[in-house]
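The structure appears below as structure tokens.
Quick note: the coordinates plus some simple rules give every number you see, no bench work behind them. These numbers were taken from a predicted model, which means no experiment stands behind them. Here Cβ is always computed from backbone atoms with ideal geometry, including for glycine, and neighbour counts include all displayed protein chains.
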Amino acid sequence: MAVEASGDRPPAWVHPSAEVEPGAVLGAGTRVWRFSHVAAGARIGEDCVIGQNVAIAPGVVVGDRCKVQNNVSLYAGVVLEEGVFCGPSCVFTNVTTPRAEIDRKAEFRPTRVGRGATIGANATIVCGHDLGAWCLIAAGAVVTHDVPPLALMAGVPARRVGWVSHAGEVLGADLVCPRTGDRYAERPMGDQVGLRRVINLSGFGEDPPDTPREEPAASVG
Ligand SMILES: CC(C)(COP(=O)(O)OP(=O)(O)OC[C@H]1O[C@@H](n2cnc3c(N)ncnc32)[C@H](O)[C@@H]1OP(=O)(O)O)[C@@H](O)C(=O)NCCC(=O)NCCS
């Protein structure tokens, strides 16, 4: 394992029952809890919490300050940007039509989870999709499409049922965050409707870009 030096920051900490393979990178201040496995070639940022029984595959990238709760597997092709919360037992996938006896490694499809996003407990993210910054996926939802920034998604298949603020509050019709007073407005986003922050009192979190991402989700190496 490589532990990245970062001034006088505490080094990463790994529970004795966890395995972090040589060739994995853990940023300063990151903690890896019981029975978890981080494979060679995975890269975990600073100040992350990797919960119990978490599996992280080669090539996975986890940004700074992410929390990955118990019983989550991050498969090859998953990229978590900074500050992502993965709720307990949420599920990622990387093959759309798997067969046990047919090798689909060349067909892995990526999943990118944007800055600050939250995935609820037991939600499933079908591969090949991009979850926008600060979105919130409800517990048990099944995501089958790209998700706009700040969207609240629920159900099977997941549909947008509302908007959430950067601070993770469900927004009412006034689109004002009850926790911070930050104010939002709907706006066109490609052929869909999106949300942007118009008054930022909290100073918390960056605003997503005004246009949808044009580049394809990260390729799987
Ligand atoms: C989706 C969510 C954010 C909604 O929160 P909320 O606005 O406070 O929700 P409410 O309890 O007021 O419910 C509002 C409606 O949404 C429904 N609802 C709530 N959670 C839902 C879910 N996960 N999936 C589908 N519908 C849901 C409720 O049944 C209710 O419907 P109704 O008006 O027809 O009765 C929340 O329920 C959730 O799933 N959070 C994720 C929690 C989690 O996984 N945490 C992980 C770490 S502990």
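What number, in nm² with one decimal, is the all-direction average of the projected area of the convex hull of the alpha-carbon atoms of the range 108-186? Taking the Cα atoms of the range 108-186, their convex hull projects to 5.0 nm² on average. When each of the peptides 22-29, 166-173 is scored by how many other beta carbons lie within 10 Å of its residues on average, the order from highest to lowest is 22-29, 166-173. The Cα-based radius of gyration of the chain, divided by its Kirkwood radius, gives an Rg/Rh of 0.98.
Multiplying each eigenvalue of the alpha-carbon gyration tensor of the range 121-167 by 5 and taking the square root yields semi-axes of 15, 12, 9 Å, largest first, rounded to whole angstroms.
Charging the Cβ of each Asp and Glu at -1 and of each Lys and Arg at +1, and nothing else, the dipole of the chain about its Cα centre rounds to 440 debye.
When the convex hull of its Cα atoms is viewed from all sides, the range 1-112 shows a mean projected area of 6.9 nm². In the range 1-104, taking the dipole from charged Cβ atoms about the Cα centre, the farthest positive-side position among 48, 71, 13 is held by 71. A simple spin-label model places pseudo-atoms 7 Å from Cα toward Cβ; at residue 175 and residue 104 they are separated by 3.9 nm.
Quick one: of the DSSP bridges fully inside the chain, what percent are antiparallel, nearest 5? For the chain, the DSSP antiparallel bridge percentage is about 25.
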